[in-house]
Amino acid sequence: DTGVSQNPRHKITKRGQNVTFRCDPISEHNRLYWYRQTLGQGPEFLTYFQNEAQLEKSRLLSDRFSAERPKGSFSTLEIQRTEQGDSAMYLCASNPENVRVHEQYFGPGTRLTVT
Amino acid sequence: AQKVTQAQTEISVVEKEDVTLDCVYETRDTTYYLFWYKQPPSGELVFLIRRNSFDEQNEISGRYSWNFQKSTSSFNFTITASQVVDSAVYFCALSEGTSGTYKYIFGTGTRLKVLA
């Protein structure tokens, strides 16, 4: 039984470049979440997918950010024209659509450094 | 507005001591869920416990126990006989039932250092 996986684990990029992260949720988990965590803070919600539908986006998700989950399985998060303020850990989590299961299972995260 | 407050930034204890981590939450929903997660130095958030708003029974699971009190909007977490491996950042999180997404609102975390 594999957990949530994220790739890459680390990404260093220069300001202005585009980056894309991938998240593979636990198999058969149709709910998928993206969070961002900066140093010394708790994770903050970015966006939520139920199957392939993106049902909620945080105000933190500026127009430079876009997320997809084309077939309801893996998801990608793209940041265009990166800025130094985008440096953070990007976390993905999933859980099944089951009224008894509310805990989310997190991946190891992708640490982004924008230089 | 929803909010989670973890007032303790950092706690240091000596191995085998008991330690309690505090969490206070704010929500207008009557149905909500509270969680504790552990984030070791590796960075991955590990689920520890969940409590539903409609179930105030407090429980013990191994060395972990929690005290959920709706009257004071608190959800405190206790580790008994702490061990060095318990050293990590602990996050309290709130999820509301009416939002439909069940997204989490996290506190800022409490760093626990257990000294040998």
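Checked against (1) in contact with a strand residue (DSSP E or B) (Cβ under 8 Å, 6 or more places away or on another chain); (2) part of a helix (DSSP H, G or I), B:SER71 passes all but a single condition, namely (1). Residue pairs whose Cβ atoms lie under 6 Å apart, sitting 6 or more positions apart in sequence or on different chains, and linking a residue in segment A:104-115 that is without any contact (Cβ under 8 Å) to a residue 12 or more places away in the chain to a partner that is surrounded by fewer than 24 Cβ atoms within 10 Å (Cβ to Cβ) and assigned to a loop (DSSP other than H, G, I, E, B), do not occur here.
Just one of the numbered conditions (1) in a strand (DSSP E or B); (2) crowded, with 18+ Cβ neighbours inside 10 Å; (3) not hydrophobic (A, V, I, L, M, F, W, C) is not true of B:SER82: (1). For segment B:40-75, filtering for residues that are hydroxyl-bearing (Ser, Thr, Tyr), surrounded by 14 or more Cβ atoms within 10 Å (Cβ to Cβ) and either in contact with a His (Cβ under 8 Å, 6 or more places away or on another chain) or within 14 Å of another protein chain (Cβ to nearest Cβ) (or both) leaves 1. Among the residues making up segment A:40-75, those that are free of Cβ contacts under 8 Å to residues at least 40 places away in the same chain, of a type outside the set (S, T, N, Q) and either touching a Pro at 6+ places or on another chain (Cβ under 7 Å) or not in a strand (DSSP E or B) (or both) are A:GLY40, A:GLY42, A:GLU52, A:ARG59, A:LEU60, A:LEU61, A:ASP63, A:ARG64, A:ARG69, A:PRO70, A:LYS71. The test for being at pLDDT below 95 and open to solvent by 40 Å² or more (accessible area, probe 1.4 Å) does not hold for B:TYR32. Looking across segment B:85-116, the residues that are in a strand (DSSP E or B), over 15 Å from the mean Cα position of the chain (by Cα) and more than 24 Å from B:ALA1 (Cβ to Cβ) come down to B:LYS113, B:VAL114, B:LEU115. Residues in segment A:31-53 that are open to solvent by 30 Å² or more (accessible area, probe 1.4 Å) and either more than 12 Å from the chain's Cα centre (by Cα) or among the aliphatic types (A, V, I, L, M) (or both): A:THR38, A:LEU39, A:GLY40, A:GLN41, A:GLN50, A:ASN51, A:GLU52, A:ALA53. Restricting attention to segment B:76-88, does a residue exist that is touching a Pro at 6+ places or on another chain (Cβ under 7 Å) and either at the interface with chain A (Cβ under 10 Å from one of its Cβ atoms) or at pLDDT 95 or above (or both)? Yes - at least one qualifying residue is present in segment B:76-88. Scanning segment A:106-115 for residues that are within 8 Å of another protein chain (Cβ to nearest Cβ) and surrounded by fewer than 20 Cβ atoms within 10 Å (Cβ to Cβ) yields a count of 2. B:TYR37 satisfies every condition listed in (1) open to solvent by 40 Å² or more (accessible area, probe 1.4 Å); (2) in a strand (DSSP E or B) except (1).
The values are calculated or read from the model by the stated rules, or taken from the named source; none is laboratory data. Just so you know, these numbers come straight off a predicted model, no measurement behind them. A quick note on method: Cβ atoms are made from the backbone with ideal geometry, for glycine too, and the neighbour counts reach across all protein chains shown. Ligands, DNA and RNA are excluded from the accessible area calculation, which covers all protein heavy atoms including side chains. Shrake-Rupley method; radii C 1.70, N 1.55, O 1.52, S 1.80 Å.
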